[in-house]
Amino acid sequence: MKILLLGSGGREHAFAWKLSQSPLCTELFIAPGNAGTRLHGTNVPIDPMDFEAVGRFVQERGIEMVIPGPEGPLVAGITDWFEQHAALRHVPVIGPTAEAARLEGSKAWAKNFMMENGIPTAASRVFTRETQEEGLTWLRKHRLPIVLKADGLAAGKGVVICQTHEEAEREFRDMLAGKFGEASARVVVEEFLEGIEFSVFVALDGKHWQILPVAKDYKRIGEGDAGPNTGGMGAVSPVPFADERMLEKVEEQIIRPTVAGLADEDIVYKGFLFLGLINVEGTPYVIEYNCRMGDPETEVVFPRLDTDLVALCHAIATGSLAGLEVKHDLYEAATVMLVSGGYPGAYEKGKLIEGLEEVSDCLVFHAGTRLDEEGRVRTNGGRVLAITALAETFPQALDLCYRNAEKIRFEGKYYRRDIGFDLMG
Ligand code: AMP
Ligand code: GLY
């Protein structure tokens, strides 16, 4: 099968790595990819948001499956676009339609969906410019801290946790005034939940589902979970507290009603669904849905997935997930992100990366990297490389990650040295 993978981050490198191991994958293209994905296929300079260009490539090359990594193309409707195109309809796109992707694309829609279907989530209300005054009155009486969320996609920056009422009012006004453009024309105000977060990934074929390995990501830039949020600084899988009992609750209280609620609205969800959960005294609450895999979670989830990824994607597309066995590797996995100095604020790109050939006993997934004219690898983003290791225990896996993180050199390199330490008791 000829496959086109869309995206250019660490998640996409992990996809490319895993897809290329499948005997079912005859040819793999990545648009646009990075310096790592090219080790497993052919990078093609196509913007995943340019559906015409993607469609043309699929026709010219006889691509038989398209896998979007990030949410952008899904929320913008790439799956619908293919379905509506007579010459492309036969090519499955592994991801939900725009309607189904509203679970991520509109937090207001997702909150309403959860409330209607009795899915545990923080209590919330939605306000617009028209209801701003009502919203301000609501805020002034709201218990602290107050969580404000831009409704639409805001590159992971649309959530602000306010510690004072003044801050909440200011932020609320700024959001409605367009701080995140149209994405914050509607603002969700919700209660703050206290607990540990974890990520559950589900493959859905419209009717059936399979749960993939569970992961926990480390979102803050600083050690001890300090400082601003990032795309993710590291991840571990499995998650010790997400035991069988917890996963049963996730399945019964979240996955089952999510699938049933979508079916009630005649929405068919095919693809990967990422449940961002928080464990509140033993009960899983939904913080957010995402219509794709996580990054950097994929960099620990796929190495632990003992199932052919092409077969899994094919089963998603054909509605045959019920008959597929999804096995989880017993090893424990950790990944540590090496990032550019200054990230998540302003940072420089183009730094030479050295030492890649010295790494051993780990997987290096490229995130923001590119090849220069001389074929050398350079930094090309905030998150640069994810160093993943598998071992019998977390301490062993983390030791491998950190030993290899040392060997890789580029100007401004930074990484958290406390990934997974909270779980080692
Ligand atoms: P999101 O973009 O929705 O994942 O939110 C970003 C981060 O904000 C989450 O990973 C949580 O750490 C935090 N967060 C969001 N909503 C809540 C909430 N209701 N209570 C506590 N923390 C939250
Ligand atoms: N690591 C969080 C995300 O992918 O959204």
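Go ahead and set up a Gaussian network model of the chain, Cα springs under 10 Å, then flag whichever of ASP205, ASP50, ASP306 fluctuates most.
ASP50
Could you derive backbone 3J(HN,Hα) for the stretch 265-280 from the dihedral phi with the Karplus parameters 6.51, -1.76 and 1.60 (θ = phi - 60°), listing whole Hz in sequence and x where the residue is Gly or Pro?
Per-residue couplings from phi come out as 9, 6, 9, 9, 9, 10, x, 9, 10, 10, 9, x, 10, 9, 8, 9 Hz.
Using only the Cα atoms of the chain, what semi-axes does the equivalent ellipsoid have when each is the square root of 5 times a gyration tensor eigenvalue? Give whole Å, largest first.
The three semi-axes for the chain are 31, 27, 22 Å.
Using +1 on the beta carbon of Lys and Arg, -1 on that of Asp and Glu, and nothing else charged, what's the dipole of the stretch 351-425 about the Cα centre, debye to 20?
300 debye
Work out Dmax and Rg for the stretch 307-404 from the C-alpha atoms and quote the Rg first, both in angstrom.
When restricted to Cα atoms, the stretch 307-404 yields Rg and Dmax of 17.5, 48 Å.
Hey, what D do you get for the stretch 38-188 in µm²/s if you plug the Kirkwood alpha-carbon radius into Stokes-Einstein at 25 °C and 0.890 mPa s? Don't jump to the answer; show the numbers that get you there.
Numbers: Rh = 17.7 Å.
In µm²/s, the coefficient is 139.
Out of residues 5 or more away from LYS270 or on other chains, whose amide H comes under 5 Å of its own, with H placed 1.01 Å from N in the peptide plane?
Amide H neighbours of LYS270: THR97.
Using alpha carbons only, how many angstrom separate the centre of the stretch 291-356 from the centre of the stretch 392-425?
17 Å
Calculate the spin-label point distance for GLU133 paired with THR42, positioning each point 7 Å from the Cα along the beta-carbon direction, and give it in nanometres.
It is 6.3 nm.
To the nearest 10 square angstrom, what accessible area does HIS366 show with a 1.4 Å probe?
10 Å²
What trypsin sites (Lys or Arg not before Pro) does the stretch 1-91 have in DSSP loop regions with at most 16 other beta carbons within 10 Å?
Here the sparse-neighbourhood loop sites are ARG89.
If I build a Gaussian network model for the chain, linking alpha-carbon pairs within less than 10 angstrom, which residue out of ASN112, ASN404, ASN380 has the largest mean-square fluctuation?
ASN112
Convert each backbone phi in the stretch 148-153 into a coupling constant with the Karplus relation 6.51 cos²θ - 1.76 cosθ + 1.60 (shift: θ = phi - 60°), then list the ³J(HN,Hα) values in order as whole Hz, x for Gly and Pro.
In residue order, the calculated couplings are 10, 10, 5, 4, x, 5 Hz.
Over 5 Å intervals from 0, what percent of Cα-Cα pairs in the stretch 254-352 sits in each interval?
In order of increasing distance, the bins hold 2, 9, 13, 17, 19, 16, 10, 8, 5, 2, 0 percent.
List every residue whose amide H lies under 5 Å from the amide H of ARG416, counting only residues 5 or more places away in sequence or on a different chain, with H placed 1.01 Å from N in the peptide plane.
MET337
Pairs LYS327/LYS407; LYS141/LYS216; LYS107/LYS207: which exceed 25 Å Cα-Cα?
Checking Cα-Cα distances, LYS327/LYS407; LYS141/LYS216 exceed 25 Å.
Please name whichever of LEU338, VAL214, LEU277 sits farthest to the positive end of the charge dipole of the chain, dipole taken about the Cα centre and charges placed at Cβ: Lys and Arg +1, Asp and Glu -1.
The one lying farthest along the dipole's positive direction is LEU338.
Within the set of other residues whose C-beta is less than 11 Å from the C-beta of GLY10, count the net charge using Lys and Arg as +1 and Asp and Glu as -1. Don't skip to the end; give the middle numbers.
Details: positive: ARG11, ARG383; negative: GLU12, ASP295, GLU297, GLU299.
Here the charged neighbours net out to -2.
Please report, largest first and rounded to whole Å, the three semi-axes of the ellipsoid equivalent to the stretch 46-120, where each semi-axis is the square root of five times an eigenvalue of the C-alpha gyration tensor. Each step should come with its number before you reach the end.
Numbers: eigenvalues 163, 26, 16 Å².
Working through the eigenvalues yields semi-axes of 29, 11, 9 Å.
Have a look at ILE30, ILE78, ILE267 and tell me which one the Gaussian network model of the chain (Cα, springs below 10 Å) gives the largest fluctuation.
ILE267
Calculate one ³J(HN,Hα) per residue across the stretch 316-330 by plugging θ = phi - 60° into the Karplus curve 6.51 cos²θ - 1.76 cosθ + 1.60, and present them in order as whole Hz with x for glycine and proline.
Once rounded to whole Hz, the list reads 4, 5, 9, x, 10, 5, 4, x, 9, 8, 9, 9, 10, 5, 7.
The values are calculated or read from the model by the stated rules, or taken from the named source; none is laboratory data. On a predicted model such as this, the values are computed, not experimentally measured, just so you know. With ideal geometry, Cβ positions are generated from the backbone for all residues, glycine too; neighbour counts draw on all protein chains shown. Just so you know, the surface numbers come from the protein's heavy atoms only, side chains and all, with ligands and any DNA or RNA stripped out. Shrake-Rupley method; radii C 1.70, N 1.55, O 1.52, S 1.80 Å.
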